[in-house]
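Everything on this sheet refers to the single structure shown next.
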Amino acid sequence: MSLKSDLLKKISDHSAAVGVVGMGYVGLPFAVEKGKMEFRVVGIDRSAKRVDAINRGENFISDVNDDELRDLVSRGLLRAVNDFDVVSDLDVIVIAVPTPLTRNLTPDLQYVENVTRELSKRLKPGQLVSLESTTYPGTTDEVMKPILETSGLTADKDFFLAHSPERVDPGNRRYTTKNTNKVVGGVGPDSLEVAVAFYSKTIETVVPVSSARAAELVKVYENTFRAVNIALANEVALLCDRMDLNVWEVLDAAFTKPFGIMPFYPGPGVGGHCIPLDPHYLEWKAKELNFNTHFIALAGEVNRMMPEFVRMKAWRTLNNLGVAPSNSKILALGVAYKKDLDDSRESPALVILKMLAEDGASLVYHDSFVTEFTHDGLSMESVELTEELIDSQDMVLILTDHTDVDYDWVVSHAKSVLDTRNACRGVTNHRERITLL
Ligand SMILES: NC(=O)c1ccc[n+]([C@@H]2O[C@H](COP(=O)([O-])OP(=O)(O)OC[C@H]3O[C@@H](n4cnc5c(N)ncnc54)[C@H](O)[C@@H]3O)[C@@H](O)[C@H]2O)c1
């Protein structure tokens, strides 16, 4: 039997042993999905805390169901380890480690490279390695393949190598790992065939493309599409401020057009692990080809302007009350980058709070999802949201529109509200207290 048919058979009868490197927002839901299909899954993570939690059956990712995780661990279908020794016993290894940017907005592939080096030391003929981390076109072929081939094995012949970008939208209940179409590209035809077979076992629709590079570009294009459209909405918000128009009214009316438009909204800036970072991966790679990605640069510029705009609107709002920013008391509502999520990575809220702290404002925040944070020397803990607290503040600054907050009640007790998310859209009383973005 050939290496390929052997692996295809193991995938088909679910006897393939699966390893997932990186037990985070992407890796853990994927590992659970594979376990639910009766694959034996091992999570590999350098965080001892995460490994121990999984082995105790304890969940730490909101998209994962607590009972499902506990059940899989108790049935021996999911376990986690701290090192890579297990790799030689695996048939499929999926990589979902971070791909951040350096301070100069260039790709930081150290996590992908470190993991690939660990795998290369233990690689066995017939294994499939699939990268799910978001990255620039060429990473799988130009960075991972040479490292893996230091094992003496040849890609697409002795082992299989593919890229299948993760599209998970944390907190989205409608589209999860299972029912979100999955794009797959291999470094050669055999790699594509086994990767498609593997992903088709758990994901309803798999979309093959002709190369790993094409799959890599698909993902960064998708996130660039979002970044550019959010930037356009943000730019219209900046213009509406000058025109004294309500941007939310204008956009909501525009989105009633049943074709040729899609809803994207302005906000205090972009956050999370994807939109602020991924387009710069593409921008960097394009420069290697002497090509300037103008839309990406412009979108980044506009989106990064938003925290400063919020600061300026906060000053204006306080000024209208006769309060100097340096003497002001501000309650921020929400610091997560997105509503109903516990993730504050790259959140513009943190940047805004840091700026307002530098202005001398006395700050408190409430976020039932993010109970504490440290950003650029500013450390804060969430406080309880009470009538007395709101009464005592000059301004309530809504930075994340979590659904567990009663905005009507907040407005009824606040002196002024600066709402960067249109969270108060349903509030009818005391609208004169609300300033929109
Ligand atoms: N979070 C999202 O919404 C999302 C969506 C789509 C794609 N992605 C992409 O998926 C990738 C992973 O993102 P995430 O949000 O799951 O990250 P995460 O930070 O939640 O998880 C990454 C995990 O990898 C582990 N890790 C790091 N280096 C390691 C190493 N050398 N060996 C073993 N484990 C290691 C970390 O301890 C962590 O548990 C990134 O490329 C990201 O851009 C993320």
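The values are calculated or read from the model by the stated rules, or taken from the named source; none is laboratory data. Just so you know, these numbers come straight off a predicted model, no measurement behind them. Virtual Cβ from ideal backbone geometry, glycine too; neighbours counted across all protein chains shown. Note: areas computed on protein heavy atoms with side chains; ligands, DNA, RNA excluded. Shrake-Rupley method; radii C 1.70, N 1.55, O 1.52, S 1.80 Å.
The chain: longest stretch without exposed chymotrypsin sites (Phe, Trp or Tyr not before Pro) (DSSP loop, at most 11 other Cβ within 10 Å), sites themselves excluded?
On the way: sites that count: 259, 291.
Looking at the chain, 1-258 is the longest stretch - no exposed chymotrypsin sites (Phe, Trp or Tyr not before Pro) with at most 11 other Cβ atoms within 10 Å.
Using a 1.4 angstrom probe and counting only protein chains, how large is the accessible area of residue 304 in Å², to 10?
Here the residue's solvent-accessible area equals roughly 130 Å².
Taking 0.36 nm per residue of separation and subtracting the Cα-Cα distance, what length does fully extending residue 15 through residue 103 add?
Length difference between fully extended and current span is 27.3 nm.
With only Lys, Arg, Asp and Glu charged, each at its Cβ (+1 for the first two, -1 for the last two), find how big the charge dipole of the chain is about the Cα centre; round to the nearest 20 debye.
Details: 47 positive and 63 negative charges, 175 e Å.
Computed charge dipole of the chain: roughly 840 debye.
Considering the dipole of the chain built from charges on the beta carbon (Lys and Arg +1, Asp and Glu -1) around the Cα centre, which of 23, 184, 418 is farthest to its positive end?
The Cα lying farthest towards the positive end belongs to 184.
Residue 129: net charge of surrounding residues, Cβ under 14 Å, Lys/Arg +1, Asp/Glu -1, itself excluded?
On the way: positive: 117, 121, 122, 124, 145, 157; negative: 91, 113, 118, 132, 141, 149, 156, 158, 190.
With Lys, Arg at +1 and Asp, Glu at -1, the neighbours total -3.
Would you be so kind as to identify which of 90, 168, 427 lies farthest towards the positive end of the dipole of the chain, taking Lys and Arg as +1 and Asp and Glu as -1 on Cβ and the Cα centre as origin?
90
Going 7 Å from the Cα of residue 329 in the Cα-to-Cβ direction, what parts of the range 378-401 have a backbone nitrogen less than 20 Å from that spot?
Under 20 Å, as judged by backbone N against the label point of residue 329, lie 380-399 of the range 378-401.
Run down the lysines and flag those whose C-alpha is under 21 Å from the C-alpha of residue 9, throwing out any fewer than 8 positions away in its chain.
34, 36, 124, 157, 201
When we measure straight from the Cα of residue 121, which aspartates and glutamates land under 12 angstrom away, once same-chain ones fewer than 8 places off are left out?
85, 149
Can you give the % of DSSP beta bridges in the chain that are antiparallel, to the nearest 5? Don't jump to the answer; show the numbers that get you there.
Values: 7 of 48 bridges.
Taking every DSSP beta bridge within the chain, about 15 percent pair in antiparallel fashion.
Putting +1 on Lys and Arg Cβ atoms and -1 on Asp and Glu Cβ atoms, find which of 305, 130, 321 reaches farthest to the positive end of the dipole of the chain.
130
Which is the longest run of the chain containing none of the GluC sites (Glu not before Pro) found in DSSP loop states (not H, G, I, E, B) with at most 10 other C-beta atoms within 10 Å? All intermediate terms of the calculation are to be shown ahead of the outcome.
Numbers: sites that count: 204, 384.
Result, exposed sites excluded: 1-203.
For the chain, what does the helix formula give at 222 nm: sum of -39500 (n - 2.57) over DSSP H segments with n ≥ 4, over the residue count, nearest 500 deg cm²/dmol? Can you show the working numbers first?
On the way: 14 runs with 166 residues, N = 437.
Only helices count here, giving -12000 deg cm²/dmol.
Which residues' amide hydrogens lie under 5 Å from the amide hydrogen of residue 206, considering only partners 5 or more residues apart or on another chain, with H built in the peptide plane?
182
Taking θ as phi - 60°, what are the ³J(HN,Hα) couplings along the range 40-51 by the Karplus curve (6.51, -1.76, 1.60), each to the nearest whole Hz, with x for Gly and Pro?
For the range 40-51, the Karplus-derived couplings read 7, 10, 10, x, 10, 8, 7, 7, 4, 4, 5, 4 Hz, x marking Gly and Pro.
Using the Karplus curve 6.51 cos²θ - 1.76 cosθ + 1.60 with θ = phi - 60°, work out ³J(HN,Hα) for each residue of the range 422-431 in order, rounded to whole Hz, and write x for Gly and Pro.
Once rounded to whole Hz, the list reads 6, 5, 8, 4, x, 7, 10, 8, 6, 5.
Just tell me which lysines come within less than 23 Å, Cα to Cα, of residue 285; anything on the same chain fewer than 8 places away is out.
145, 219
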